[in-house]
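Below: one structure, written as structure tokens.
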Amino acid sequence: MGKVLVVTSGKGGVGKTTSTAALGAALARLGHNVVVVDFDVGLRNLDLVMGAERRVVFDLINVVQGVAKLTQALIRDKRLDTLYLLPASQTRDKDALTEEGIARVIIDLRSRFDWVICDSPAGIERGATLAMRYADEAIIVTNPEVSSVRDSDRIIGLLDSKTEKAERGERMAKHLLIARFDPGRAARGEMLNIQDVLEILSIPLLGVIPESEEVLRASNLGAPITICGQQSAPAHAYMDAARRLTGEDIEMLIPTEKVGFFTKIFGRRAA
Amino acid sequence: MRLFRFLKPISSAPVARERLQILLEYERRMVSQSSLITTLKDEILAVVSRHVSIDPERIHVSVDRGEGFSTLAVGVQIPNKVAAEGGMIQTGAAGQGPATPN
């Protein structure tokens, strides 16, 4: 039986989709069978980040409604053959997703894959609550910035009350993934540091992804960064995070800024 | 001069941290309190409705948090003619509809 993860945040634009794709590809590279599921009905983007946008025929709603079989809607990644995508619908009404329908699909996916990673839409509405509804564990993506941290706190509250696991009285395991971290700005006190965010949200840290041009480059190319930019700092951070998810004990490396001698003396232009 | 930058208070992160801590402490309390109040209100309404026909809008429940103890205040408005009948009504009594559970 596979494990169901929800990647969620409350706030939009913090890196949920990028992280879903990167962690999915990282787990597949480690030899696991992985499916990434896009729950953002009407605004799907995981297909684009995965580079599979022209291969979408059927989607999650088709499967929920019984129009297509699950195997017809699953898209196998061209680079990693244990990585699959279940896309969201671009056009259909999000009310077409029912709790019962999603529950059936999740049970089916759980029996076929080691990891089912659900990419939640932003917000706290129906799409987001459905994406987390049947999860075993949650990854909360946060940027070190006030509005993102506040929204993450709300999402943690929802994970503890609106999920099936919470309703059964069980505790949902949560992992904090801090994305878009700029070590320089944190060191200068211009950005919340890791310790601040951890103390405020008080959930265990899964990884810290440094802000990097490589992330944009990867989404431009339509490949998860853990496939196309394997040597980059964010890819290393995602690989480490994926290993931690599998239970490996990996030392947490907080990104630091490499500061040159002249920069130290004369300062640097604000980014 | 950059060399004297340490003289100026430029770090905004501690401000962000403090604002978040204060805000989240308040919001967490509000969220848990509002769900408690909704539950209390629904159950009080159900109990009172068994004996008196009341408007669900006329029930006010609030919690005042004080140091050491908190106060739960419940206010239920009952129309006068019902009160004059001793607060008890029979189902189908004149002018009274059936109790409306929320």
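A few notes on this one:
- Restricting the first member to the range A:123-144 and to residues that are on the phi > 0 side of the Ramachandran plot, and the second to residues that are surrounded by 18 or more Cβ atoms within 10 Å (Cβ to Cβ) and of a type in the set (Lys, Arg), the beta-carbon pairs closer than 9 Å and six or more apart or on different chains are A:123/A:11.
- If the condition is being free of Cβ contacts under 8 Å to residues at least 60 places away in the same chain, within 20 Å of residue A:113 (Cα to Cα) and not aliphatic (A, V, I, L, M), then the range A:32-61 contributes A:47, A:58, A:59.
- Residue list for the range A:145-169, filter: touching a strand residue (DSSP E or B) at 6+ places or on another chain (Cβ under 7 Å) and either modelled with pLDDT under 95 or β-branched (Val, Ile, Thr) (or both): A:149, A:155, A:156
- Checking each residue in the range A:178-189 for being within 12 Å of another protein chain (Cβ to nearest Cβ) and in contact (Cβ under 8 Å) with a residue 40 or more places away in the chain picks out A:182, A:185, A:186, A:187.
- Every pair of residues 6+ apart whose Cβ atoms lie under 7 Å, when the first sits in the range A:229-240 and is in contact (Cβ under 8 Å) with a residue 60 or more places away in the chain and within 13 Å of residue A:24 (Cα to Cα) while the second is assigned to a helix (DSSP H, G or I) and of a type in the set (Gly, Ala, Ser): A:238/A:22; A:238/A:26; A:239/A:26
- Restricted to strands (runs of 3 or more DSSP E) entirely inside the range A:61-177, those with at least 1 residues that are in contact with a helix residue (DSSP H, G or I) (Cβ under 7 Å, 6 or more places away or on another chain) and within 14 Å of another protein chain (Cβ to nearest Cβ) are A:137-142.
Yes/no per residue for (1) farther than 30 Å from residue A:155 by Cβ; (2) within 14 Å of chain A (Cβ to nearest Cβ); (3) modelled with pLDDT of 80 or more:
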| residue | (1), (2), (3) |
| --- | --- |
| B:11 | no, yes, yes |
| B:24 | no, yes, yes |
| B:27 | no, yes, yes |
| B:32 | no, yes, no |
| B:43 | no, no, yes |
| B:46 | yes, no, yes |
| B:49 | yes, no, yes |
| B:57 | yes, no, yes |
| B:73 | yes, no, yes |
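The values are calculated or read from the model by the stated rules, or taken from the named source; none is laboratory data. Keep in mind the model is a prediction, meaning the values are calculated, not measured. Counting neighbours? That spans all protein chains shown, and the Cβs are built from the backbone with ideal geometry, glycine included.
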